[in-house]
Amino acid sequence: MSGGWAAKELCELGASVLVLEAGPMIVPERDYGEHLPPHEMTYRGWNDRKALAAEQPVQRDCYACDEVARKFFVNDIENPYTTDPDKPFSWIRGRQVGGRSIMWARQSYRLSDLDFEANLKDGNGVDWPLRYAELAPWYDHVEAFAGISGRAEGLPQLPDGVFLPPMEMSCVEAQVRDGIARAYGDDRRMTIGRTAVLTVDHEGRRACHYCGPCHRGCITRSYFSSINATLPAAEATGRLVLRPNSVVAEVLWDPRSSRVSGVRVVDAESHDELEFTGRTVFLAASALESTRLLLNSKSSDFPDGLANSSGVLGKYLMDHTMGVGAHASFDGYEDRVIRGRRPNGIYIARFANVTEPRSDFLRGYGYQGSASRAGWWRGESMAGFGADFKNELLSPGPWSFGIEGFGECLPREENHVRLDPEQVDKWGIPTLRISCAWGDNERAMMRQAAEDAAEMLEAGGGRDISIDYQLLPPGLTIHEMGTARMGRDPATSVLNAHNQAWDAPNLFVVDGACMTSSACQNPSLTYMALAARASHYAVDASRRGEL
């Protein structure tokens with residue numbers, strides 16, 4: 001995600017860029033499969049469960065790891081990691097050109113000053129070295145290119161952006177939105193999701209045609225990904241060289257110049273070792289992979305990992321809490337049907353400790369969800385047989401609506417990663433040992449999130465309301481953040497305000513590793529903005545002779 005942005009911005013600013021990707025090249029015309037119907041799949045869309053159990057026992061827990069898209073997820077046997085026995089962590093990964101930007105959920109929200117100031121105000125974690133006003137122009141910059149559809153709401157905790165026309169809510173979603181407004185006034189606001197999916201033609205890419213399974217790719221390039229948007233833009237400059245199957249093992253440190261000089265790479269297919277030199281190195285391998293590279297880049301100057309003079313590299317790992325919410329049934333609207341498969345849902349902006357103070361936990365949560373009518377697949381649990389049964393399933397079933405809370409995770413030192421002293425991956429590179437668990441604050445927050453979800457569905461006219469409280473393990477929200485955080489002080493952080501390593505001026509880390517707090521919003525848009533900002537800073541600094 002952020003690697004594509006760095007490549008685009010650097011190339012467009014005149015730099016020659018070498019992009020190294022650990023996995024293979026992706027060719028949309030060959031590898032995407034969003035239009036493949038179940039009857040043309042070997043397992044009719046039910047996946048090869050034996051292969052998943054043998055090769056992808058972690059990745060199969062992600063909803064997007066289906067029969068078509070599982071090729072976009074790593075082989076867990078070739079890419080192992082370990083956890084503490086009582087602290088499960090689900091590390092969902094993609095290793096190919098485009099990475100996880102191919103199968104991400106595309107929800108795109110800005111952080112606000114509420115988020116950038118939270119650490120300073122409540123004393124958890126270090127203070128962010130920047131504020132919203134500094135990042136706002138870069139949010140504008142990436143939104144204008146990526147294409148984010150959404151509706152402006154004027155909420156200070158969820159700043160508006162440069163939006164394409166919003167998608168429409170369904171009739172039941174609109175009913176619940178109005179019910180929440182009647183019950184809570186301006187304290188709680190439900191809006192359509194802000195998503196990196198085009199609702200009109202944009203930047204040479206076609207508007208979404210609502211086919212549905214976005215995680216299998218998008219042949220019309222209607223959703224934003226590195227493959228669909230930023231890497232083609234970088235390639236168009238003529239300054240990009242892309243080398244797939246290049247597993248970076250370490251970043252090389254030159255003690256004479258006190259700068260990084262390049263990277264050591266293991267070719268994924270031949271296992272030959274290569275070295276590439278460069279004036280500046282950007283890491284955008286995803287939060288934990290970038291930190292793993294730094295931890296594995298040891299020298300006499302940095303015996304505990306490159307850029308780790310502070311000793312905080314690997315610490316303050318975060319994710320978002322997920323798995324808690326509520327469902328309800330809705331009467332009426334039997335004559336209303338859903339046309340197409342809208343690749344988006346609704347969003348309820350954070351209100352806890354914003355418009356509604358809480359004394360039992362810090363920070364807060366937002367909600368995502370959608371309303372739908374039960375389809376033919378409800379026949380899996382219905383009694384019936386023959387033509388009458390099948391004809392019954394041709395008509396859509398009743399309406400239901402589910403919302404799920406996404407809660408902020410506090411930055412805590414005890415949630416960390418380190419190199420496993422014994423285990424290596426297929427390419428001989430030391431793997432990570434992850435130690436991460438939810439704290440009391442996250443659990444208290446999610447208990448309240450479940451109750452609030454049920455109350456809002458009731459306010460919207462729902463019946464038969466059920467509360468879901470299956471708090472998923474860290475990692476499974478696929479929003480891992482932190483472990484090489486930004487800060488104002490080199491004694492307590494790895495990166496400065498421009499994603500530049502305090503210890504190595506020509507080293508930048510522009511993925512989720514840089515996050516100083518998690519907020520509760522989906523973080524990818526912030527990675528994009530920070531990566532674009534860091535790229536421009538690096539080029540300007542180079543022109544000033546500072547790099």
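Rule-based calculations on the coordinates, nothing more; no lab input. Here the structure is a predicted model, which means the values were calculated and not measured. In this analysis, Cβ positions are derived from the backbone assuming ideal geometry, glycine residues included, and neighbour counts consider all displayed protein chains.
Can you give me the Rg/Rh ratio for the stretch 1-130, using Cα atoms for both radii and the Kirkwood formula for Rh?
Details: Rg = 19.2 Å, Rh = 18.1 Å.
Across the stretch 1-130, the Cα-based Rg/Rh ratio is 1.06.
What share of Cα pairs, in percent, lie more than 13 angstrom apart in the stretch 319-390?
79 percent
Using the charge dipole of the chain (Lys, Arg: +1 at Cβ; Asp, Glu: -1 at Cβ; taken about the Cα centre), state which of ALA449, ALA181, ASN124 has its Cα farthest towards the positive end.
Final value for the positive-end residue is ALA181.
Can you pull out the GluC sites (Glu not before Pro) in the stretch 58-135 whose DSSP state is coil and whose Cβ has at most 13 other Cβ atoms within 10 Å? Please report the intermediate quantities before stating the final value.
Numbers: sites: GLU67, GLU78, GLU117, GLU134; in loops: GLU67, GLU78, GLU117.
For GluC sites (Glu not before Pro) across the stretch 58-135 that sit outside H, G, I, E and B with at most 13 neighbouring Cβ atoms in 10 Å, the list reads GLU78.
Quick check: pseudo-label points 7 Å beyond the Cα along Cα→Cβ at HIS39 and GLU273, how many nm apart are they?
The answer from the label model is 5.6 nm.
What net charge do the residues around ALA268 carry, taking every other residue with its C-beta under 13 Å from that of ALA268, with Lys and Arg at +1 and Asp and Glu at -1?
Numbers: positive: ARG95, ARG243, LYS426; negative: GLU21, GLU78, ASP267, GLU269, ASP272, GLU273, ASP425.
Combined, the nearby Lys, Arg, Asp and Glu give -4.
On the first, second and third principal axes, largest extent first, how far apart are the outermost C-alpha atoms of the stretch 108-256 in Å?
64, 46, 25
Out of the DSSP beta bridges found with both residues in the chain, what percent are antiparallel (nearest 5)? Kindly include the intermediate steps, with their values, before the conclusion.
Details: 55 of 68 bridges.
The answer is about 80 percent antiparallel.
In whole angstrom, how far apart do the alpha carbon centroids of the stretch 499-517 and the stretch 342-383 sit?
Result: 33 Å between the Cα centres.
Could you name the lysines whose alpha carbon sits less than 19 Å from that of LYS298, not counting residues in the same chain fewer than 8 places away?
Cross-link targets: LYS315.
Please state the relative contact order of the chain as a whole percent: Cα pairs under 8 Å, 6+ residues apart?
23 percent
For the stretch 34-45, what does the Karplus curve 6.51 cos²θ - 1.76 cosθ + 1.60, with θ = phi - 60°, yield as ³J(HN,Hα) per residue in whole Hz, taken in order and with x for Gly and Pro?
Residue by residue, the stretch 34-45 yields 5, 9, 6, x, x, 6, 9, 9, 4, 10, 6, x Hz.
May I ask you to evaluate 6.51 cos²θ - 1.76 cosθ + 1.60, the Karplus curve with θ = phi - 60°, for each residue of the stretch 20-28 and list the ³J(HN,Hα) values in order in whole Hz, giving x for glycine and proline?
Computed from phi, the couplings for the stretch 20-28 are 9, 10, 5, x, x, 6, 10, 10, x Hz.
So which trypsin sites (Lys or Arg not before Pro) in the stretch 325-372 end up in coil per DSSP with only 10 or fewer other C-beta atoms within 10 Å?
The qualifying sites are ARG339.
Given a cut-off of 20 Å, what percent of all Cα-Cα pairs of the stretch 392-525 lie beyond it? Could you put the intermediate results ahead of the total?
On the way: 5592 of 8911 pairs.
Counting every Cα pair in the stretch 392-525, those more than 20 Å apart make up 63 percent.
Measuring from the lowest to the highest alpha carbon on each principal axis, how far does the stretch 133-172 reach, largest first, in angstroms?
Rounded to whole Å, the extents work out to 39, 23, 9 Å.
Please list 3J(HN,Hα) in residue order for the stretch 327-337, calculated via the Karplus relation 6.51 cos²θ - 1.76 cosθ + 1.60 where θ = phi - 60°; whole Hz, with x for glycine and proline.
Values, residue by residue: 10, 8, 9, 9, 8, x, 6, 5, 8, 9, 10 Hz.
Could you pull out the pairs from LYS8/LYS121; LYS50/LYS390; LYS8/LYS426; LYS50/LYS426; LYS71/LYS426 whose alpha carbons sit more than 27 Å apart here? Walk me through the intermediate numbers first.
Details: LYS8/LYS121 36 Å; LYS50/LYS390 30 Å; LYS8/LYS426 31 Å; LYS50/LYS426 21 Å; LYS71/LYS426 17 Å.
In this structure, LYS8/LYS121; LYS50/LYS390; LYS8/LYS426 lie more than 27 Å apart at Cα.
Taking loop as defined by DSSP and a crowding limit of 14 other beta carbons within 10 Å, which trypsin sites (Lys or Arg not before Pro) in the stretch 411-515 fit?
The qualifying sites are LYS426.
May I ask for log10 I(q)/I(0) of the stretch 89-173 at q = 0.17, 0.20, 0.22 Å⁻¹, from a Debye sum over the Cα atoms as equal point scatterers with solvent left out?
Reported log10 I(q)/I(0), two decimals: -0.96, -1.08, -1.11.
With only Lys, Arg, Asp and Glu charged, each at its Cβ (+1 for the first two, -1 for the last two), find how big the charge dipole of the chain is about the Cα centre; round to the nearest 20 debye.
820 debye
How many percent of all Cα-Cα pairs in the chain sit more than 29 Å apart?
The share of Cα pairs beyond 29 Å in the chain comes to 53 percent.
Rg (Å, one decimal) plus Dmax (Å, integer) for the alpha carbons of the stretch 234-385?
25.6, 78
Starting from the Cα-Cα distance between SER16 and LYS390, subtract it from 0.36 nm times their residue separation and give me the gain in nm to one decimal. Before the final figure, lay out the partial values.
Details: separation 374, 0.36 × 374 = 134.64 nm, distance 5.96 nm.
Separation in residues times 0.36 nm, less the Cα-Cα distance, equals 128.7 nm.
For the chain, what does -39500 (n - 2.57) per DSSP helix run (n ≥ 4), summed and divided by total residues, give at 222 nm, in deg cm²/dmol to the nearest 500?
Computed mean residue ellipticity for the chain: -6500 deg cm²/dmol.
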